[in-house]
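Novice: Before I ask anything, let me first share the structure, which is written out below as structure tokens.
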Amino acid sequence: MFKKLLLLMTFLAFIINVTNAGSRFTPEEIAKFSSMQYKVRMNGDAFVGVNLGKNVTSENINYVNTVNSRLQNFTINLWTDNFPGTVSFVNVGVTSYYDMQSNAVVDHIAQDPNTPSNIHAILMSAQDQGFADRTIRYSFSSDGGATWNNLSNVPASGERSGFGNLSLFSDGVAIIGNHSNVGGGSTRSQFFVDAFTGLGSFTLLDPGMGNTGGAIWPKLTSMSGATTADPRFVFVASISGQDSTFRNSYSSSAFTGYQAIPSNQAETYSLARGTDGRIGLVYVTSDAVAYGGVEFTESTDNGATWSTPVRIYDPVILGGDTVIGVIRGVSLTYQNNTPCAVFETALMLTSGSFFPSALQSEIRFWSSNLPGSDPNRSITIAALDTNNPVVLPNGVPYAPTIGVNDVLTSLCRPTIGTSDDGTALFVAMMVASNAAAGVDTTNFKDVYLTASGDGGLTWLQPVRITPETPRMDWTYPSISRWNLSTATEYNVFMVIQKDAVPGSYVNGNANGPSLAEQIFVKVTFDRTKISVKNISSEIPASFELKQNFPNPFNPATVIRFALTTPTQVSLKVYDVTGKEVANLINNEVVSAGINEVTFNAANLPSGLYFYTLQAGDFRDTKKMMLVK
């Protein structure tokens, strides 16, 4: 045991020494914070991280008083180079004493692709401080999130329920999964289908116990073309207290039955659907040999059969039972028909402990479009940076995670969505702040956002989107998988839980209960900030389209062009038949200077392609060769 601890502390000291420069915390403090060990334990159907004895304080933690007041709607500006835009906050009107929304990543919002002004949201809510009335609260907006109607509890019959999951059918009607016991018997996964869009009158679909003994914590996605009249969906659920997770589906008015999969329990899995109807599943493995690994599998027949699982992340073994692996949060979406997943990593022990303040906490992104091969294809898109201010290109400010812990690390719970036109990816995440409050000095959390315009090859510096004043606890972000954009701007639609008191009352916050609120958040920013990179603002002598590099290429290449003035630009790629295969810049105003775009051709066959730049009256076309 002494050798294991010595190895761990040596590794932590090395990481801290090479990253610490101008930090608000000293290297000694960071080393102590990073060595704080928490044990993962169950508290009913919630998971909690229990401190195993070491408490660390620092004068560099900002202790503040909390003010519990209803959030009024407001808008703030994002005056950053990455996101020159706005963030709007709208109070949905739902509150809860049950302030721990998930054991992993929530799916609490969905924008309707057919009627984008329709947005659906859910929240796990309890008005009783003992949580006896815990339920899933369904809300609906028909004006793009400007106003909300709090329609119903799910189930409406009053049975206690929790840990909800939201999806939409093709006719824009909501289906909600949670665990409850409507009709009697043990608590189990159950599903509720609305009568029509935004009504809030739900009909129960009950898979029963099956061979699971009561699988709970369901995650679901609807099948392509499913409607209220023909409800069809795939879901995953797991057994409390065991690493036993099951897959199931509903079609032709019947459930197909539970099938075991090698996933960890309690929401460490995520489902999504591609534009052609394929359904993907990503999950944290329960494999003792690869503790903390992640696998992906896919079905092209609505869940009847599944591909052989692919390991997309292998834990990093540091020695003994110490690994850098995925602990809870995973989220999946499709960019058109390309699966895209994000997940959190943490320093942990295979015996079930973790180190929430260690610097190894990262947000990683995986896509089948990324270069390389699995399980080494995923990339880091957000990492803790001890520098003050942050200097790492994907860094977020480091602060320790202290006090009450819902199995959260200092950087965790990523949620992913795409733009409606499939040109952009968005990822939000929780980040610990250096502000704390209460008798147990739990620290507040913030929500950060990053985005990619090239299929996930490159990502913007994450930016904090939640305000620091007044100091609130912003947790459990959920991004709509489909987000309406305009010709000039991207929009990101999400819901976030806001609480005046940090840490969850559910898992033992000693500061007493407070009513958390669900907040609808809309982030709007300039499209060109992720589709186009301005690498030089020096004004060139003339308009010019440069030869791509590298050329030949596989699968990605960079296209540069020069503009003498800010100009409306179109940049498209064609195959040898003249068919448009990619729209890299869609009539967007681009800054003067030297600009570049990354073209990812992972989904295209080898061959000759042409790219054409239209900038005002200037037009030019060049050739490029894709060789796989």
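Novice: Restricting to the range 370-390, count the residues that are farther than 23 Å from ASP454 by Cα and either out of contact with any strand residue (DSSP E or B) (no Cβ under 6 Å at 6 or more places or on another chain) or aliphatic (A, V, I, L, M) (or both).
Specialist: Final tally of qualifying residues: 6.
Novice: What about LEU392, is it on the phi < 0 side of the Ramachandran plot, out of contact with any Gly (no Cβ under 6 Å at 6 or more places or on another chain) and either surrounded by fewer than 24 Cβ atoms within 10 Å (Cβ to Cβ) or in a strand (DSSP E or B) (or both)?
Specialist: Details: on the phi < 0 side of the Ramachandran plot: yes; out of contact with any Gly (no Cβ under 6 Å at 6 or more places or on another chain): yes; either surrounded by fewer than 24 Cβ atoms within 10 Å (Cβ to Cβ) or in a strand (DSSP E or B) (or both): yes.
Yes: the conditions hold for LEU392.
Novice: Step by step: first the residues of the range 432-490, then only those that are part of a strand (DSSP E or B) and of a type in the set (Gly, Ala, Ser), then the one that is farthest from the chain's Cα centre (by Cα). Which residue is that?
Specialist: Start the filter on the range 432-490 by keeping residues that are part of a strand (DSSP E or B), which leaves 432-437, 442-452, 463-464, 473-479, 482-483, 489-490.
Still in the list and also of a type in the set (Gly, Ala, Ser): 432-433, 435-437, 451-452, 478.
Numbers: ALA432: 16, SER433: 19, ALA435: 24, ALA436: 25, ALA437: 27, ALA451: 11, SER452: 13, SER478: 7 Å.
Selected residue: ALA437.
Novice: Please go through the range 283-331 and give me each residue that is touching a residue at least 60 places away in the same chain (Cβ under 8 Å) and acidic (Asp, Glu), ordered by number.
Specialist: Scanning the range 283-331 gives ASP314, ASP321.
Novice: May I pose another question? Any residue that is of a type in the set (Ser, Thr, Tyr) and either over 21 Å from the mean Cα position of the chain (by Cα) or not in a strand (DSSP E or B) (or both) - is there at least one of those in the range 515-526?
Specialist: Scanning the range 515-526 turns up no residue that is of a type in the set (Ser, Thr, Tyr) and either over 21 Å from the mean Cα position of the chain (by Cα) or not in a strand (DSSP E or B) (or both).
Novice: On to the next question. Please identify the pairs in which a residue from the range 402-424 that is closer than 15 Å to SER504 by Cα and part of a loop (DSSP other than H, G, I, E, B) has its Cβ atom under 7 Å from the Cβ atom of a residue that is modelled with pLDDT of 95 or more and acidic (Asp, Glu), counting only partners at least 6 apart or on another chain.
Specialist: THR409/GLU344
Novice: I would also like to ask the following. Can you confirm whether the range 262-272 contains a residue that is more than 19 Å from SER480 (Cα to Cα), assigned by TED's automatic domain parsing to the domain that holds ASP107, surrounded by fewer than 23 Cβ atoms within 10 Å (Cβ to Cβ) and out of contact with any Ser or Thr (no Cβ under 7 Å at 6 or more places or on another chain)?
Specialist: Kept after step one, since they are more than 19 Å from SER480 (Cα to Cα), are these residues of the range 262-272: 262-266.
Narrowing the set further to residues that are assigned by TED's automatic domain parsing to the domain that holds ASP107 leaves 262-266.
Then drop every residue that is not surrounded by fewer than 23 Cβ atoms within 10 Å (Cβ to Cβ), which leaves 262.
With the extra rule that they be out of contact with any Ser or Thr (no Cβ under 7 Å at 6 or more places or on another chain), the set shrinks to none.
For the range 262-272, residues more than 19 Å from SER480 (Cα to Cα), assigned by TED's automatic domain parsing to the domain that holds ASP107, surrounded by fewer than 23 Cβ atoms within 10 Å (Cβ to Cβ) and out of contact with any Ser or Thr (no Cβ under 7 Å at 6 or more places or on another chain): absent.
Novice: Just checking, how many residues over the range 210-245 are in contact (Cβ under 8 Å) with a residue 12 or more places away in the chain and either over 20 Å from ILE175 (Cα atoms) or of a type in the set (Asp, Glu) (or both)?
Specialist: Residues meeting the conditions: 12.
Novice: Still on this structure: Do you know which residues across the range 304-325 are within 25 Å of ARG278 (Cα to Cα) and in a strand (DSSP E or B)?
Specialist: Selection gives VAL310, ARG311, ILE312, TYR313.
Novice: Can you give me the number of residues within the range 528-545 that are over 28 Å from LYS628 (Cα atoms), assigned to a loop (DSSP other than H, G, I, E, B) and either assigned by TED's automatic domain parsing to the domain that holds THR86 or of a type outside the set (D, E, K, R) (or both)?
Specialist: Just the residues of the range 528-545 that are over 28 Å from LYS628 (Cα atoms), to begin with: 528-529, 534-544.
Next cut, assigned to a loop (DSSP other than H, G, I, E, B) only: 537-543.
Adding the requirement that they be either assigned by TED's automatic domain parsing to the domain that holds THR86 or of a type outside the set (D, E, K, R) (or both) leaves 537, 539-543.
Total meeting the criteria: 6.
The values are calculated or read from the model by the stated rules, or taken from the named source; none is laboratory data. Note that this is a predicted model, so its numbers are computed, not measured. All Cβ positions, even for glycine, are placed from backbone atoms using ideal geometry, and neighbour counts span all protein chains on display.
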